[in-house]
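Visitor: Can you read through this structure? Questions will come right after.
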Amino acid sequence: MSSKEQREQFALYKKDVDRRGKSFYPFAMFHDTVMSVVVVGVIVGLTCIWYFTSGEEAGDSGLIGPRYADEADAGTISFVPRPDWYFFFLFYLLRIFKWPESVILGTVGIPTIALILLVLVPFLDRRREKRLLRRPVAVVASLLVIASMGILTYKGATAKEFLASEVLAEVPGWVEENNLPPEAEPGARLFAEAGCLNCHVYVGSGAQNLGAPELTAEGSKGRGIQFQVEHLKDPPALVPGSLMPSFAALGDEQLNDLAVFLEASKGPGGG
């Protein structure tokens, strides 16, 4: 569209506004302001109802719900964090674009490109045509976005997590396949309960995320018990750039159990 056509379209728009419409300022802006005040008022009102009709005890529920549920356990090692439903699409993108090669593309690149294209739409498409059949590119693009967001949200919502109760059932198989000694079994159970398989793979179980190595044959590297304990306490200190969190809160006894298990894991038939 040439600059002359743009000026003609803008003049026609102004005539339509003067004849049968209302300008954005102050009419639409006033309506938006009123609606924003109403929404904030509803949120504040519901918050007050929730707070003043519920008690401080977990079982004392008010009109909307209890003020507190079960107390949070900061030392838990079995909790599997999951995002709110509207972030499931990004949650699943992290499973597709894994660290370290392409995680930036999945977490920053694709969402940023999508937002930039969305911002540019009013500047790139300035036609007055509104009929969907005459706007195939816009319709197809919208359907693709809706479909991709829906599929990613569904996949993120149904993504399988490795629960401790399920993984513990696999420990006997680990012991048999890797020929683990009896003193390594407590560490194997702790490995299953601590959520290690959310990043590591062991004898085919788990998911390799954030560049975490497979640990099936970790003991064949000959690093020693002391190295394993120190690494579990402070991973970046021994492996610069490591994204693995510290497990120092487990205590020396449990850390030693994990270290014994890792050093005993020498691959199928090892031990």
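Visitor: Hey, does segment 116-124 have a residue that's under 29 Å from the mean Cα position of the chain (by Cα) and touching a residue at least 60 places away in the same chain (Cβ under 8 Å)?
Guide: Taking every residue of segment 116-124 in turn, none turns out to be under 29 Å from the mean Cα position of the chain (by Cα) and touching a residue at least 60 places away in the same chain (Cβ under 8 Å).
Visitor: At pLDDT below 85 and outside the structural domain of Arg126 (by TED's automatic domain parsing): does that describe Ser54?
Guide: yes
Visitor: Next up: Quick check on this structure: which one of Leu180, Leu144 is at pLDDT 90 or above and part of a loop (DSSP other than H, G, I, E, B)?
Guide: After ruling out the rest, the residue left standing is Leu180.
Visitor: List every residue pair whose Cβ atoms sit under 7 Å apart, with the two residues 6 or more apart in sequence or on different chains, where the first one lies in segment 7-29 and is without any contact (Cβ under 8 Å) to a residue 24 or more places away in the chain and basic (Lys, Arg) and the second, anywhere, is surrounded by fewer than 10 Cβ atoms within 10 Å (Cβ to Cβ) and in a helix (DSSP H, G or I).
Guide: Partner pairs satisfying both residue conditions: none exist.
Visitor: Continuing with the same structure: Is it fair to say Glu230 is within 24 Å of the chain's Cα centre (by Cα) and either under 17 Å from Asn256 (Cβ atoms) or in a loop (DSSP other than H, G, I, E, B) (or both)?
Guide: no
Visitor: Does segment 192-218 hold any residues that are outside any strand (DSSP E or B), modelled with pLDDT of 90 or more and in contact with a Leu (Cβ under 6 Å, 6 or more places away or on another chain), and which are they?
Guide: Glu218
The values are calculated or read from the model by the stated rules, or taken from the named source; none is laboratory data. Quantities reported herein were computed from a predicted structural model and do not represent experimental measurements. Every residue, glycine among them, receives a Cβ derived from its backbone with ideal geometry; neighbour counts consider all protein chains shown.
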